[in-house]
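Okay, structure first, notes after.
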Amino acid sequence: MSRERAKYLVDLTKKEKYSLSSFDKNGKIPLHTVGRATEFERMPPVYKTDNYESCLQEPSDVFCELFFQLVSDEPNELLYMIEEYSEYSTTHFDHTKLRHGVCVTQRCQNYIENNTSISETILERCLNQTFWDDYRLKTRIQKYSCHNLASREIHIDNSDIAAGFIVLTILVLNVVGSLYDVYCTSLKRKGNPIILSFSIKRHWRNLITTSHNDGQSNNIKGFNGLRCIIAYGVIFVHTTITYYIIGGSIHEIETSYKSLLYQLMINGPILMQAFFVLAGFHLAYKLRIISEEYQLDWSIFPKAIFKRYLRLVPAYAFVLLMVATWFRLQGRGPFWEVVGEVNISNCKKSWWMSLIFINNYVNGPHCLVVSWSIAADMQLYLFGIILIILLKNTKFRQTILMSLVMLGSVIVAIHTYVRDLDAVVIYRPTVAAKIFETDPTFNETYRMGHGNMSSYLTGMSLGYFIYEWQKKKIDIRKYSKLRILYWLVIPMIVALVLSAAFFYRDGPRYPRHIRAICAAFIKTASGGLIAIFVAGLVMKLENVYRKVLEWDIWVIPSRLTYSIYLVHYPFLIVYMNMQNSLVHMSYLHMIATSVVITITSFIFSIPLYLLVEAPFSSILNTLQLKKTVIKQNDSNGCKKTK
């Protein structure tokens, strides 16, 4: 402990605010003695914004978003307390670094003489006056961004025009395809399938149908409900980020970490393993069925790559294009620099990484940070295809796959240990406010392909098991005791998610080897439990979970889940940009916000599906990439049907 610090503590105890026993050997106030409401009220707000609409009334009015740090020229008891409180970053914001939206015209006019242009010095002098009067503290501006009514005007550039041309082309293709479909239908003729791939009428009919014409679809009908629930869960978890970026109830957020319900929400990303289990299962199960008619050799590899790429990229690229260009047409709000401008800038710089699916292996700001799962899925899909081809004739397929599952767990453990990462993604307030850009655990083991390999391979192994069980007509429903154990799977998954709460404890982090073991265990266990749940669902072990997940109400939204996933994050950004004041966190508000974002995403996913996603999927079906010889239709237009 420094002499200056020790002298200050002695002076502090004389004021009877603390006793010497309140401090540890390093001269710091233990965490249990700070963070109380009375202490919290002494600190300046982390986020604050002046009335935005009333500020910008005249062309000369200026609104600035200021990012600054609290400083002091002399020992300051309040600043010491703020620094020590902020050190526990696991559940506390950094209260020494603030972001305030300031109406310069109203609050700083005394510092602007003779219409002098706004500078960092002027803004700092303006802030210092307020903070000195209220807290006896000073500020140091780190960065700022100002705008007025003129800067809110929208200017169209070449990229906007190019985007408009692409949108117009897509609309024309769909109009032509729809009219061509009407023409061929009226003549009772079979048209060119490539042109008909852009028929809105056909895609709408396919979207709203709830019938299943084959046994394979009926076997996995429960996946519809599962996909919808996963999609909503993702949206709900992402909605919580809103309160970390533009939250007006910082103390409520920090105290919420003690709630099991809140822990269940913020540790929801653990269940992202369900996405990879389903993806791995679908790949192995589908190709095992295809292998009954077609030879699985290396000739399918380039076809599989092209097919998967054409399946994912069109709608994905369209959303990236809109975010990079027309996204700014929504106009500025008080939080534009925080939530809007940064995403546009990132998309303009790194869109190409997303389209070649390497964005999850490159650290730094990315366009649509939530799209990491699309890249990881593509990488694991290619890895899965290679494995299926290599293991097609071996008798030890399941043994090899399960060995690779364990290897994937070991890789996660080693990566966590070597890089000194956390066992799970920790929702540290300051890190969450930056969408986890600087969090090494999120950037490495969570979003990288190899970090999710064990769950994907678990799904593949399950796909092989289910296929063999169905071929042998094994009925596991006769084992009644399994049904009782199966009902415990959901409580066990909930308990596993809640176990991550142990990593939010007061005090130092757990030893590195403990975190490494837990990281491997949590991912492997979550993938395994989800696989057990899926197995019971497909094999119709019970009629409670299964009946709910097989409701026909899930069929239509399940077809839109990919488009919903693509558009939900941009609409979440739009929602934040539309706010003129800070939002206060409550469970009711979180549910309402997530429902609004879900409904909005569902509505806008329909045109994305009909005009972009479905047409290219239809082209894939026409090309019939799974066959050795691609059959083409008559190029002379409409052909009479028999």
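With 5 Å bins beginning at zero, the pair-distance distribution over Cα atoms of the stretch 382-526 amounts to 2, 8, 14, 17, 17, 14, 12, 8, 5, 3, 1 %.
A Stokes-Einstein calculation at 10 °C with viscosity 1.306 mPa s, built on the Kirkwood radius of the stretch 466-609 over Cα pairs, returns a diffusion coefficient of 82 µm²/s.
With a Förster radius of 22 Å applied to the C-beta separation of Thr130 and Glu252, the computed FRET efficiency comes to 0.35. If the chain linking Ser291 and Ile208 were pulled fully straight, counting 0.36 nm for each residue of separation and taking away their Cα-Cα distance, it would gain 26.8 nm.
With a simple spin-label model that places each label point 7 Å from the Cα along the Cα-to-Cβ direction, the separation between Lys540 and Leu173 comes to 4.1 nm.
Residue separation of Ile122 and Trp298 scaled by 0.36 nm, minus their Cα-Cα distance, works out to 56.6 nm of gained length. Each peptide among 296-307, 458-469 gets the average number of other Cβ atoms lying within 10 Å of its residues, and from highest to lowest they stand as 458-469, 296-307. How high is the relative contact order of the stretch 51-142, in percent, with contacts defined as C-alpha pairs under 8 Å that are six or more residues apart? Over the stretch 51-142, the number comes to 37 percent.
Distance distribution P(r), the stretch 224-336, all Cα-Cα pairs, bin width 10 angstrom from 0: 10, 24, 28, 23, 11, 5, 0 percent.
Under 13 Å of direct C-alpha separation, and excluding same-chain neighbours fewer than eight residues apart, Lys286 reaches these aspartates and glutamates: Glu468.
One chain, two ends: Ile599 and Ser403. Fully extended at 0.36 nm per residue, the span grows by 66.3 nm beyond their Cα-Cα distance. Contact order, relative form, for the chain: 22 percent (alpha carbon pairs under 8 Å, 6 or more residues apart, mean separation divided by residue count).
Put a plus charge on the Cβ of each Lys and Arg, a minus charge on the Cβ of each Asp and Glu, and nothing anywhere else: the dipole of the stretch 209-623 about its Cα centre is then about 980 debye. For the stretch 163-207, the spherically averaged projection of the C-alpha convex hull amounts to 3.3 nm². Once both labels are positioned 7 Å from their Cα atoms along Cα-to-Cβ, the gap between Phe616 and Ile386 label points is 2.4 nm. For the peptides 339-351, 368-380, residues were scored by their other Cβ atoms within 10 Å and the scores averaged per peptide; the highest-first order is 368-380, 339-351.
Values quoted throughout were computed directly from the atomic coordinates according to the rules given, and no laboratory measurement underlies them. Bear in mind the structure is a predicted one, so any value in this text is a computation, not a measurement. In this analysis, Cβ positions are derived from the backbone assuming ideal geometry, glycine residues included, and neighbour counts consider all displayed protein chains.
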